[in-house]
Amino acid sequence: MVEALHEADLPKGLLNVVTGRGNVVGAELVRNPAVAKISFTGSVGVGKSIMRDGAETMKRVTLEPGGKSPTILLDDAVLDQAIPSALVMAFMNSGQACAAGTRLLAPKSRFDQVKRAILNAMPSFPVGDPADPKTAVGPMVSQKQYDQIQSYIRKGIEQGAELLVGGEGHPEGFETGYFVKPTVFVNVKNDMTIAQEEIFGPVLSVISYDFEEEAIQIANDSKYGLHAAVLGTDLARARRVATQIRAGRVVINNMTDDPQAPWGGFKYSGIGREYGRYGIEAFLKTRAILE
């Protein structure tokens with residue numbers, strides 16, 4: 001991307017790339033009074049430190065520190081269509097995506113059907129070389145991330161969630177590297193660690209609900225509020241549910257994107273918005289000249 005911008009013949013100094021560790025280069029950017037604005041995507045902990053240290057020089061910030069996105073499966077959903085969509089949202093970018101829909105809220109009345117539909121759909125999400133177009137789940141970014149995902153899977157089992165598919169260890173045929181098994185837990189309670197903390201890997205928690213209002217309550221029962229999805233055939237109902245979810249973006253029936261639509265979160269998922277007009281305005285400050 002930087003090479004493309006260089007070829008675009010941008011004015012010198014408009015774009016600069018500075019590499020280095022966050023606690024060195026990043027800390028200097030946050031402290032330095034010559035920097036008026038910080039836009040950051042990363043962890044909640046670093047986001048907090050940017051807010052705290054940036055306050056010393058009255059910096060404006062745009063923060064996107066992740067999510068634990070809910071996907072509400074309404075009771076009128078066509079499972080053969082909805083479940084593959086839910087799994088695409090859960091396993092996008094091998095689960096290493098802040099918008100990944102890692103909590104699937106399913107109606108209790110159809111829970112057995114949902115489990116069967118997940119098992120039927122899982123062969124469409126093979127692990128493999130990310131350069132292979134058939135691969136749906138590639139390796140994790142590092143040994144540290146691999147180990148962290150394994151610890152979350154163990155914690156889910158220890159806390160009583162039912163392992164439907166996947167689990168600890170490497171997938172068969174991928175015993176080396178940072179490959180993990182795409183994992184689905186069912187009968188998850190929303191207060192379990194795997195339902196509350198961002199795992200950043202292909203681990204899906206399926207939570208049951210009795211009625212629509214309870215689904216909305218569970219969806220909002222999170223410190224995060226970045227992204228959400230609603231899956232169902234009655235679009236008017238799906239839109240009504242979507243308006244009650246406290247998330248910066250809610251999609252209906254597909255993982256759609258629009259670069260003109262604002263992107264950003266509620267609660268611990270961030271401050272400010274990116275994309276389109278809203279993203280440009282975040283870097284502007286209004287000035288009035290009067291005579």
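Quick check on the exposure proxy: order PHE91, PHE283, PHE266 from fewest to most C-beta atoms within 10 angstrom.
Working: PHE91 25, PHE283 12, PHE266 18.
Final ranking by Cβ density, sparse to dense: PHE283, PHE266, PHE91.
Sequence-distant or interchain residues sharing an amide H contact under 5 Å with LEU204, placed H: which?
So LEU204 has HN proximity to THR183, VAL184, PHE185.
Nearest 5 percent is fine: what portion of the DSSP beta bridges confined to region 70-252 is antiparallel?
Percent antiparallel among DSSP bridges in region 70-252 is about 15.
Distance between Cα centroids, region 38-75 to region 180-235: provide it in whole Å.
20
Cut-off 10 angstrom, C-alpha nodes, Gaussian network model of the chain. Which of LYS68, LYS115, LYS12 fluctuates the most?
Greatest mean-square fluctuation among the candidates belongs to LYS12.
What order, most packed first, do the peptides 2-10, 106-114, 245-253 have when packing is the mean number of other Cβ atoms within 10 Å of each residue?
245-253, 106-114, 2-10
What length, rounded to one decimal in nm, is gained on full extension from ASN23 through to HIS6, with 0.36 nm per residue of separation minus their alpha-carbon distance?
3.3 nm
Just rank TYR209, TYR178, fewest to most, by other beta-carbon atoms within 10 angstrom.
The most exposed by this proxy come first: TYR178, TYR209.
When the Karplus curve 6.51 cos²θ - 1.76 cosθ + 1.60 is applied with θ = phi - 60°, which whole-Hz ³J(HN,Hα) does each residue of region 190-201 get, with x for Gly and Pro?
With coefficients 6.51, -1.76 and 1.60, one gets 5, 8, 6, 4, 5, 9, 10, 9, 6, 7, 6, x Hz.
Helix 79-91 versus the longest principal axis of the chain: what is the Cα-based angle in degrees, 0 to 90, to the nearest 10?
Roughly 40 degrees, rounded to the nearest 10.
Go ahead and set up a Gaussian network model of the chain, Cα springs under 10 Å, then flag whichever of THR41, THR57, THR102 fluctuates most.
Of the options given, THR57 has the highest mean-square fluctuation.
Can you work out the Karplus-derived ³J(HN,Hα) for every residue in region 223-230? Use 6.51 cos²θ - 1.76 cosθ + 1.60 with θ = phi - 60°, whole Hz, and x for glycine or proline.
Couplings: 6, 9, x, 8, 9, 7, 9, 10 Hz.
Taking the chain as a Gaussian network, Cα atoms linked when under 10 Å apart, which of GLU175, GLU212, GLU162 shows the biggest mean-square fluctuation?
Result: GLU175 has the largest fluctuation of those listed.
Here, each number is a calculation from the coordinates, and none is a lab measurement. Because the structure is a prediction, the values reported are computed rather than measured. Cβ atoms come from the backbone with ideal geometry, glycine included; neighbour counts cover every protein chain shown.
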